[in-house]
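The structure appears right after this line, and notes come after that.
Read-outs: derived from the displayed coordinates by stated rules, not from any lab. As the structure is a prediction and not an experimental result, all values here were calculated from the model. Heads up, the Cβs are rebuilt from the backbone with ideal geometry, glycines too, and the neighbour counts pull from every protein chain shown.
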Amino acid sequence: MTAQKPALAEISQNPDYLAHRYDEHNDAFRFIPVDRELHRNSTFLTDKILPDNLPVFAFDRKDVVAANPPKGRVHYIFHSAYCCSTMLARALDIKGISMGFKEPVVLNDLVGWKRRGANPRDVAEVLDQSIDLLARPFGAGETVIIKPSNVVNILAIVMLAMRPDAKAILLHAPLKTYLRSIAKKDLWGRMWVRELFIGQMKDQMIAPFGMSNEDMLMLTDLQVAAVGWLAQHAVFTATLSKFGPDRVKSLNSETLLADKGETMKQMSQLFGLDIDQDNLEKIVSGPAFNRHSKLDMEFDKEAREKEHADAASLHADEIEKVYEWAKVMGERMKISQTLASPLF
């Protein structure tokens with residue numbers, strides 16, 4: 001789509017222009033117009049989900065920084081996938097209070113750049129600037145809560161260290177629930193966990209498991225999923241150890257679904273959001289918690305449980321065997337399935 005290029009001064013100051021990509025070859029940020037309504041209606045902030053006719057405006061990174069974008073408060077929801085993280089980010093779209101960002105791709109670009117051998121200091125510099133751009137508030141006093149893709153978990157400690165006032169929730173599904181989620185996705189889910197596993201290998205997250213190439217080739221799809229889950233749990237454990245319970249809390253997806261009201265209450269306290277009881281009740285009874293985050297249909301705790309029960313019935317034997325195998329692997333690696341510092 002051809003569009004007149006706005007001035008950098010306008011783009012840098014206006015959060016309706018999303019810092020969408022980082023171009024490492026030209027050292028430039030690429031912006032696209034994504035207003036609050038488009039945020040709300042997009043499952044993820046990815047090219048696959050966003051309209052394909054959005055104009056792209058590229059600016060030299062140093063010029064963008066020199067334009068002095070407005071500073072905003074930012075917190076994070078790091079997650080291990082298939083754990084209702086999109087639901088939680090949608091619930092944080094509260095005009096005048098907060099805005100939830102659902103997997104901005106610019107952060108994935110930096111993970112990819114890092115994996116390709118970029119200088120860690122260069123990655124850290126651009127990461128810091130990217131967070132600044134994502135944190136531009138949509139309204140006076142609003143806080144941005146970023147839910148990165150789970151491939152960004154490897155940068156969680158760095159991202160928290162860069163913002164001493166930032167706090168984070170580490171959201172995860174129990175291992176058996178996660179395995180059911182992968183199994184019910186059939187071929188697509190099994191391919192996805194292998195793609196994730198390859199990235200984790202590049203991030204040196206799999207190396208501590210001490211597996212040879214032959215060992216890894218022998219893993220079944222659900223074993224790959226289980227090792228990937230354990231590797232992310234190890235990162236979460238390190239994050240909790242580094243920053244402590246005042247800044248980082250863990251949250252189990254089953255706890256979230258069992259008590260959405262208390263989850264929102266405790267999360268608003270952690271993030272310093274001024275959400276009164278009336279607003280909390282509206283959020284919990286609203287579409288964020290009662291419609292499927294990826295499909296336009298009603299979807300609640302009971303519907304999710306039925307989906308998982310169907311998967312458990314079809315793949316019960318494989319799931320149970322892999323779960324028991326992963327328990328032994330986790331014990332050997334001293335990776336607890338229960339994270340410390342629960343939100344409540």
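At-a-glance table
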| quantity | calculated |
| --- | --- |
| All aspartates and glutamates inside 12 Å of LYS167 as judged from Cα atoms, apart from same-chain residues fewer than 8 positions distant | ASP246 |
| Label zone at ASN290 (point 7 Å along Cα-to-Cβ), backbone N below 14 Å, segment 240-265 | 260-261 |
| Of LYS184/LYS327; LYS147/LYS249; LYS71/LYS102; LYS5/LYS147; LYS202/LYS321, pairs whose Cα-Cα distance is over 24 Å | LYS5/LYS147; LYS202/LYS321 |
| Shape call, segment 71-162: gyration tensor on alpha carbons, a/c limit 1.5 | oblate |
| Order of TRP113, TRP188 under a 10 Å beta carbon neighbour criterion, fewest first | TRP188, TRP113 |
| Estimated FRET transfer efficiency when R0 is 51 angstrom, pair VAL328-ASP165 (beta carbons, to 0.05) | 0.80 |
| For ARG73, net neighbour charge (Lys/Arg +1, Asp/Glu -1) across residues whose Cβ lies under 15 Å away | +1 |
| Most fluctuating residue given options ALA234, ALA207, ALA89, as computed from a GNM of the chain linking Cα atoms under 10 Å | ALA207 |
| Taking ILE49, ILE157, ILE182 and counting other C-beta atoms within 10 Å, the order from fewest to most | ILE49, ILE157, ILE182 |
| Length added when fully stretched, LEU314-LYS242, from 0.36 nm per residue minus Cα-Cα | 21.9 nm |
| Order of TRP325, TRP229 under a 10 Å beta carbon neighbour criterion, fewest first | TRP325, TRP229 |
| For ARG73, residues with placed amide H under 5 Å, excluding near neighbours | VAL144 |
| Cβ-derived FRET efficiency at R0 45 Å, ALA67 paired with SER336, nearest 0.05 | 0.50 |
| Relative counts (whole %) of C-alpha pair distances in segment 142-190, using bins that are 5 Å wide | 4, 15, 20, 20, 15, 11, 9, 5, 1 |
